[in-house]
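Take a look at the structure below.
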There are 2 protein chains.
Amino acid sequence: MKLNMLISDLTPQECRDMLTRIGFGRLACARDNQPYIVPIYFAYEFDLLYGFTTVGRKIKWMRTNPKVCLAVDEVLSHFRWMSVIVMGRYEELPNKAKFRREREHALVALEKRMPLWWRTAIAVKQSPTRHKDAEPLFYRIHIDSMTGHRAFPDAVKSKIGRADKERTT
Amino acid sequence: MKLNMLISDLTPQECRDMLTRIGFGRLACARDNQPYIVPIYFAYEFDLLYGFTTVGRKIKWMRTNPKVCLAVDEVLSHFRWMSVIVMGRYEELPNKAKFRREREHALVALEKRMPLWWRTAIAVKQSPTRHKDAEPLFYRIHIDSMTGHRAFPDAVKSKIGRADKERTT
């Protein structure tokens, strides 16, 4: 007998619950097929994620190529974790009349989600090594698809134990 | 006076120390400019990262496009964290005579780093929802560049406080 791990799929509702509860993840964008990852805070609403940031590499890249991937996870131990992967598209919400309602909605959603969110974005301005391009901006991610997995420990008396032994000798 | 956050660059040595210490991160790959993120354990050695996994979407994508990004972070609080971003290229270490030495080296490096690493990869075989394509494989990431940042709290009596107020009213 040894401790192993089972992995099962999350239901769509479990994925949604997790995005609502966690509100933090890693966002990947890509340019010329070179991916790039940044941590983000977000507010989730059905098929949208709202975010706020300052202009930087990720924004420049997502303006060129809106395809993104968001990974949200909750790790309780090596054998017990949940993870949701979102595939989606970036849309900027510029400071223009046309986007006023959406920007206000994003602000309310984000403030409700995390009152500290704006400090992180603003703080970059304060960095001694970064002075340029700290224009704040709102965006949203349109969710095209999402998948989720849960891992949990399982005590097994199995071939896997023997396979491991063979593999490590 | 209010608590704010300063962000500064890590030195190359601090980046290397962090990769050695943490050994866990999020790897992004891309196909047709669509990024995809997966969590990975790795063993770091100067300009290489060694990993082990089973064949799945990420491996299929990295075989087509080897450009990857790895994000490693350590978050102590909202205002105190460190983060390293690696840009690199995927190389598979197939089970062939030509790669024997490299595969043995990868195995030793990974086992030293994390004796449990193989369980995660193997466990996927055990999943009731996944039966196909669980062939185990070694790979390495060649590091092309890396950057790191550190955030720390800073009590400031500043324009930022006033700017926040204006922004949220």
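Every read-out reported here was derived from the displayed coordinates using simple, explicitly stated rules and does not represent laboratory data. Keep in mind that what you see is a predicted model, and the values were worked out from it rather than measured. Positions of Cβ are backbone-derived with ideal geometry, glycine not excepted, and every protein chain shown enters the neighbour counts.
List the distances, in nm to one decimal, from the label point of A:Val75 to the label points of the same position in every other copy, shortest first, placing each label point 7 Å from Cα along the Cα-to-Cβ direction.
Inter-copy label distances (nm, one decimal, shortest first): 1.2.
With the cut-off at 32 Å, tell me which of the pairs A:Lys58/B:Lys112; B:Lys58/B:Lys96; A:Lys96/B:Lys67; A:Lys67/A:Lys96; A:Lys98/B:Lys58 have Cα atoms farther apart than that.
Long pairs (Cα-Cα over 32 Å): A:Lys58/B:Lys112; A:Lys96/B:Lys67; A:Lys98/B:Lys58.
Within the range A:1-55, report the chymotrypsin sites (Phe, Trp or Tyr not before Pro) that DSSP leaves as loop and that have at most 12 other Cβ atoms within 10 Å.
Those satisfying the criteria are A:Phe46.
Put a point 7 Å out from Cα along the line to Cβ at A:Arg100; what are the distances to that point in the other copies, in nm, shortest first?
7.4
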